[in-house]
């Protein structure tokens, strides 16, 4: 399934995402940013370790 079609299906299932889509054209990025900010416990520890190591370099 193509990304755009999947995005349409998700927006249809969760109409509240329409407001995010209007403000930010890249819905995937907007959702990821909000999850990382609002629910940091959902981020795999390995991913956080990678970001930390990048910052330290």
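The values are calculated or read from the model by the stated rules, or taken from the named source; none is laboratory data. Note that the structure is predicted; figures quoted are calculated from it, not measured. All Cβ positions, glycine included, derive from the backbone under ideal geometry; neighbour counts span all protein chains shown.
Based on what the data block shows, is residue 18 under 26 Å from residue 5 (Cα atoms), in contact with a helix residue (DSSP H, G or I) (Cβ under 9 Å, 6 or more places away or on another chain) and surrounded by fewer than 10 Cβ atoms within 10 Å (Cβ to Cβ)? I'd like the intermediate steps shown before the answer.
Numbers: under 26 Å from residue 5 (Cα atoms): yes; in contact with a helix residue (DSSP H, G or I) (Cβ under 9 Å, 6 or more places away or on another chain): yes; surrounded by fewer than 10 Cβ atoms within 10 Å (Cβ to Cβ): no.
Considered against the rule, which asks whether it is under 26 Å from residue 5 (Cα atoms), in contact with a helix residue (DSSP H, G or I) (Cβ under 9 Å, 6 or more places away or on another chain) and surrounded by fewer than 10 Cβ atoms within 10 Å (Cβ to Cβ), residue 18 comes out as no.
Mind counting the residues in the stretch 1-15 that are outside any helix (DSSP H, G or I), at pLDDT 85 or above and more than 15 Å from the chain's Cα centre (by Cα)? Walk me through how you get there before you give the answer.
Step one: filter the stretch 1-15 for residues outside any helix (DSSP H, G or I), giving 1-2, 14-15.
Those still in the list that are at pLDDT 85 or above too: 14-15.
Going one step further and asking which of them are more than 15 Å from the chain's Cα centre (by Cα), we end up with 15.
Summing the residues that are outside any helix (DSSP H, G or I), at pLDDT 85 or above and more than 15 Å from the chain's Cα centre (by Cα) in the stretch 1-15 gives 1.
Quick check on my filter: what residues within the stretch 21-33 are part of a helix (DSSP H, G or I) and surrounded by 12 or more Cβ atoms within 10 Å (Cβ to Cβ)?
We begin by selecting, within the stretch 21-33, every residue part of a helix (DSSP H, G or I); these are 21-23, 27-33.
Once the filter is applied, which keeps residues that are part of a helix (DSSP H, G or I) and surrounded by 12 or more Cβ atoms within 10 Å (Cβ to Cβ), the stretch 21-33 yields 21, 27, 28, 30, 31, 32, 33.
Inspect all residues belonging to the stretch 35-45 and state whether any of them is assigned to a helix (DSSP H, G or I), without any contact (Cβ under 8 Å) to a residue 60 or more places away in the chain and over 16 Å from the mean Cα position of the chain (by Cα). Let's see the steps before the verdict.
Here is the first cut: in the stretch 35-45, the ones assigned to a helix (DSSP H, G or I) are 35-38, 40-42, 45.
Narrowing the set further to residues that are without any contact (Cβ under 8 Å) to a residue 60 or more places away in the chain leaves 35-38, 40-42, 45.
If we keep only those that are over 16 Å from the mean Cα position of the chain (by Cα) too, we end up with 45.
Yes, some residue in the stretch 35-45 is assigned to a helix (DSSP H, G or I), without any contact (Cβ under 8 Å) to a residue 60 or more places away in the chain and over 16 Å from the mean Cα position of the chain (by Cα).
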